Amino acid sequence: MNDTGLALPASMRVFERGWLSSNNVLFIGRDDTALVDSGYLTHAPQTLALVDHALGGRTLDRIINTHLHSDHCGGNAALQARYGCSTAIPAAEAAKVAAWDEEALSYRATGQQCARFGFNTTLQHGDSLMLGDLEWQALGAPGHDPHSLIFYCPSERILISADALWRNGFGVIFPELEGESGFAEARATLALIDTLDVDLVIPGHGAPFTDVKAALGRALSRLDYMAADPVRNAENAVKVMLKFLLLERQQFALDSLPAMFEANPVIEGARRRFLKRSADELAEWAVQSLVRAGAARREGGLLLNGEL
Ligand SMILES: [Zn+2]
């Protein structure tokens, strides 16, 4: 059972993680084991411990990534080293991973870390795959990330929704920050999810939930709000990036923030393209926003991570 009250199929385990690491879904089938998404690099030892414990002496055969943001594939390298498991990634990312192009893979742009990993196969929209002796469909879910996949199991009516749909919203619409289309794709992805018969959603972050129609309604109204004024998406991105940095490092000197913002290509791009304020002003605004939300606190000259 999970805290939704719905029993998961016996071959499935969900590891709900904090926000620095995405959730992980472990499948233990008769002949094969697989993990969907592997968390953030600095949590890799915890990921290994969770997986190892749940496998009860079996090996991990496969990793499957919904998308390649650092909080979803940061444990890949450690898992590969431990188990020699094969790895499947979205097909559109294959060349970038093969060349380990940190620029194209977003790690440099976000200032986030990811240990280099390899892959063996790719997945794309329309593929079907067996996970935990159940048949799943890979569906393209652009918006938050242009190449993200989500996984749907028709027989169990379960959706692994990654960052395309959370209980309250969805992940930052990153393409829009670079002047590319993302709102329209996110809308189409929500419309696609609306066509599926779903009893249980396992999101990339937060607890699994059951009322998919209500979540879709909240996501659509949030998307309308963002799309009506892209500054809102840019402001949200800056807050999310700052919170991620705080989760990763726990604290930093307040007076180092403007320079950190300028050195972070995603934040700097959002600032120049949409936010039209100085790095000092933006840093102060972001700090105030997080403090007001209880997500950070000031102490002396430091900004400290706060529990949400
Ligand atoms: Zn993501």
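The values are calculated or read from the model by the stated rules, or taken from the named source; none is laboratory data. Remember, predicted model here, so these are calculated numbers, not experimental data. Neighbour counts run over all protein chains shown; Cβ positions are idealised from the backbone, glycine included.
Observations on the structure shown:
- Subset of the stretch 213-265 [over 20 Å from L275 (Cα atoms) and among the basic types (K, R)]: K213, R218, R249
- Residues in the stretch 214-225 that are out of contact with any Asp or Glu (no Cβ under 8 Å at 6 or more places or on another chain) and either crowded, with 17+ Cβ neighbours inside 10 Å or touching a residue at least 12 places away in the same chain (Cβ under 8 Å) (or both): A215, R218, A219, L220, R222, L223.
- Complete set of residues in the stretch 186-213 that are assigned to a helix (DSSP H, G or I) and surrounded by 16 or more Cβ atoms within 10 Å (Cβ to Cβ): A186, R187, T189, L190, L192, I193, V212
- When we screen G111, G132 for residues that are of a type outside the set (F, W, Y), touching a residue at least 40 places away in the same chain (Cβ under 8 Å) and within 16 Å of the ligand (Cβ to nearest atom), the only hit is G111.
- In the stretch 140-151, the condition of being away from the ligand (no atom under 16 Å from the Cβ), within 21 Å of F27 (Cα to Cα) and not acidic (D, E) is met by no residue.
- Any hit, the stretch 82-91, residues being within 16 Å of the ligand (Cβ to nearest atom) and either touching a His at 6+ places or on another chain (Cβ under 8 Å) or of a type in the set (A, V, I, L, M, F, W, C) (or both): yes
- Test result for T4, closer than 23 Å to L200 by Cα and modelled with pLDDT under 95: yes
- Note on the stretch 154-170: among residues that are within 16 Å of the ligand (Cβ to nearest atom) and touching a residue at least 60 places away in the same chain (Cβ under 8 Å), the one that is surrounded by the fewest Cβ atoms within 10 Å (Cβ to Cβ) is D163.
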